[in-house]
Amino acid sequence: MPELPEVEALKDFLTEHLVGHEIVRVLPVAFSVLKTYDPPLTALEGHAVTAVHRHGKFLDLETADGLHLVTHLARAGWLHWKDRLPDGPPRPGKGPLALRVALETGEGFDLTEAGTQKRLAVHVVRDPREVPGVARLGPDPLAPDFDEQRFAALLAGERRQLKGALRDQSLIAGVGNAYSDEILHAARMSPFKLAASLTPAETHTLYEALRTTLTDAVERSRGVAAGRLKAEKKTGLRVHGRTGEPCPVCGDTIREVSFSDSSLQYCPTCQTGGKPLADRRMSRLLK
Ligand SMILES: [Zn+2]
């Protein structure tokens, strides 16, 4: 799933390719992606894109008419830029294509979603805060005013474990399953450590890890074409999705804890004093 760094890179890419260009056609292919009906999708047509914004993991195209096309790519969604869109209309069906946006230049992009769980969401609104997921967002961790004091205040009294707290969009916007693993590995902290139990020194370490991990990932993604962002994200990850591989810091084997619909990865030596965390599914497999 694209997280803050990839959506930030998509924002840059689309700013360069869309701003100043007119949307001539918006075609919903999978009707379930559209979460709003007023204004209709067709209200976007005939208007130029004036700006592209990011809100957490949401992408927001603003038009000269003051409308916003707000998208959440969700777990299996992606954006594909086309220098030349196919001439014929897309056929609704079982393919991954969900929405097509065409410009007056013949260029445009497709939003696609793989798999059977359809979570990709598109909203047409007059104000991005009309989108419930955007209205709920906590502060952006790369905002200039997101300082250590602000971070400490968010964690104080936070009774959840760090893993759950970091990926909660209403606490901090934009960090998901992959980057929360990376941040905790960089901070050398257990994903199950309680957020409120951090000492001031640990809060400092985690804050630095958060900012550095995200800033580095944004830098790596910047300038990468939309189509290559997914691969770029993967190469930059040090523990997430790397169960069984050696930790790039200490060489220990990266382990995972699996849940019903996701899993986390960590390095025991770097993060949990060498002790593997309990994982029912893994222990069953190892028996
Ligand atoms: Zn390690």
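The values are calculated or read from the model by the stated rules, or taken from the named source; none is laboratory data. In this text the structure is predicted, and so the values were computed from the model without any measurement. Neighbour counts are summed over all protein chains in view; Cβ atoms, including those assigned to glycine, are modelled from backbone coordinates with ideal geometry. The area values use the complete protein model at the heavy-atom level, side chains included, leaving out ligands, DNA and RNA. Shrake-Rupley method; radii C 1.70, N 1.55, O 1.52, S 1.80 Å.
Structure above, values below:
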read-out	value
Computed [θ] at 222 nm, deg cm²/dmol, the chain (DSSP H ≥ 4; -39,500 (n - 2.57); rounded to nearest 500)	-8500 deg cm²/dmol
Relative counts (whole %) of C-alpha pair distances in the stretch 111-205, using bins that are 10 Å wide	14, 40, 28, 16, 2
Value of relative contact order over the stretch 89-226, rounded to a whole percent, pairs C-alpha under 8 Å and six or more apart	18
Kirkwood Rh in Å, taken over the stretch 4-135 so that all alpha-carbon pairs contribute	14.6
Exposure rank, largest accessible area first [57, 82; 1.4 Å]	82, 57
Of 210, 103, 237, farthest towards positive along the dipole that unit charges on Lys, Arg, Asp, Glu beta carbons give the chain	237
Ranked packing of 163-174, 189-200, most packed first, by mean Cβ within 10 Å	163-174, 189-200
Among 156, 27, 259 the positive-end extreme of the charge dipole of the chain (Cβ point charges)	259
Relative contact order of the chain, defined on C-alpha pairs under 8 angstrom at six or more residues apart (%)	17
All Cα pairs of the stretch 148-271, percent lying beyond 26 Å	19
Partnerless Cys - the chain, beta-carbon criterion under 4.7 Å	250
Nearest-10 value in Å² for the accessible area of residue 249, using the 1.4 Å probe	80
Between the stretch 117-165 and the stretch 255-271, the Cα center-to-center distance that results, in Å	23
Portion, in percent, of the accessible area of the chain that falls on carbon or sulfur, probe 1.4 Å	52
Whole-Å semi-axes of the ellipsoid equivalent to the chain (Cα gyration tensor, √5λ, descending)	37, 21, 17
Span-like helix ranges in the chain, DSSP H, alpha carbon extent 15 angstrom or more, Kyte mean at least -0.5	4-18, 177-187
Under DSSP loop assignment and at most 16 Cβ neighbours within 10 Å, longest GluC sites (Glu not before Pro)-free interval of the chain	108-287
Accessible area per residue in Å² at 1.4 Å probe, computed on the chain	48
